[in-house]
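First up is the structure itself, then whatever we jot down about it.
The values are calculated or read from the model by the stated rules, or taken from the named source; none is laboratory data. Here the structure is a predicted model, which is why all the values come from computation and not from measurement. Note that each Cβ is placed from the backbone with ideal geometry, even for glycine, and that neighbours are counted across all protein chains shown.
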Amino acid sequence: MKNIQQDLSAYRTLVFDCDGVLLDSNKVKTQAFFQAALPYGETAAQLLADYHVANGGVSRYKKFAYFLEKIVNQNNDTDALDHLLRSYADHVKSGLLSCKICAGLEELRQQTKHARWLIISGGDQIELREVFEARNLASLFDGGIFGSPDTKEEILSREIGAERIQLPAIFFGDSKYDYKAATGENIDFLFLSDWTEVHDWQFWCRENHIYSQPNISSLLEIPVESPSNL
């Protein structure tokens, strides 16, 4: 769906991506990918970081598998994969605990008391739950906090089937993958631009007739910006 309801009270479920939407953590994760891959050389590490940025929202498991198979030709090396995942987790955890939280989140929760809230992220599910609990945000998301190794498509399909996501629903994301996952399940989508790593987001939103807002705070001032005005 490319049109969205002009009033958030029309939605029974609000779904949020984490990185670049709730937390200013996109750069934290980009740097963590680079640092984890650095033992393979700066060129390989930069290629992985670039691949990560180009594939925002995809899980770390798939990105490191791609790195081993396509960039450093070590396909099926489970020891190397495990080491990369541990190194990445070590680098990223402290950043997630200290990075900026979006403004306006608790105010939006008050305005949408009728709706169920979920997080569906490409980040590791256990890590996400620990971070949001530590930052005293977990209680806002009464529908649950979900992440990898399951994909966003798998999570959305499962939660809709279990009726934990009730339609109409809207997904707030900052990546092309977020849009693909949401619209594939007939969930409305709103692009948040302030912290995105999609460099051509204005052109992309306009070409695909996607509505946008800068950040969570701006959702307090719906109606949203039309694609024709980007």
Can we say A103 is over 16 Å from the mean Cα position of the chain (by Cα) and farther than 18 Å from L14 by Cα? no
I'd like the full set of residues that are under 19 Å from Y88 (Cα atoms) and out of contact with any Asp or Glu (no Cβ under 8 Å at 6 or more places or on another chain), limited to segment 104-142. D124, I126, E127, L128, R129, E130, V131, F132
Look at segment 161-186 and say how many of its residues are in a helix (DSSP H, G or I) and within 20 Å of S9 (Cβ to Cβ). 1
Any pair with Cβ under 8 angstrom, 6 or more apart, that starts in segment 165-191 at a residue that is on the phi > 0 side of the Ramachandran plot and ends at one that is of a type in the set (A, V, I, L, M): N186/M1; N186/L167
Within segment 46-77, the count of residues that are over 21 Å from C99 (Cβ atoms) and not β-branched (V, I, T) comes to 19
Scan segment 51-90 for residues that are at pLDDT 95 or above and of a type in the set (V, I, T) and jot them down. I71, V72
How many residues does segment 151-164 hold that are free of Cβ contacts under 8 Å to residues at least 60 places away in the same chain and either outside the structural domain of I210 (by the TED database) or within 16 Å of the chain's Cα centre (by Cα) (or both)? 3
Confirm whether N26 is surrounded by fewer than 18 Cβ atoms within 10 Å (Cβ to Cβ) and under 25 Å from E154 (Cα atoms). no
May I ask you to verify whether L48 is under 16 Å from the mean Cα position of the chain (by Cα), in a helix (DSSP H, G or I) and either touching a residue at least 40 places away in the same chain (Cβ under 8 Å) or closer than 28 Å to S193 by Cα (or both)? no
Of all residues making up segment 109-129, the number that are in contact (Cβ under 8 Å) with a residue 24 or more places away in the chain and either over 13 Å from V15 (Cα atoms) or within 15 Å of the chain's Cα centre (by Cα) (or both): 13
Quick check: anything in segment 16-32 part of a helix (DSSP H, G or I), over 26 Å from G104 (Cα atoms) and out of contact with any Cys (no Cβ under 6 Å at 6 or more places or on another chain)? yes
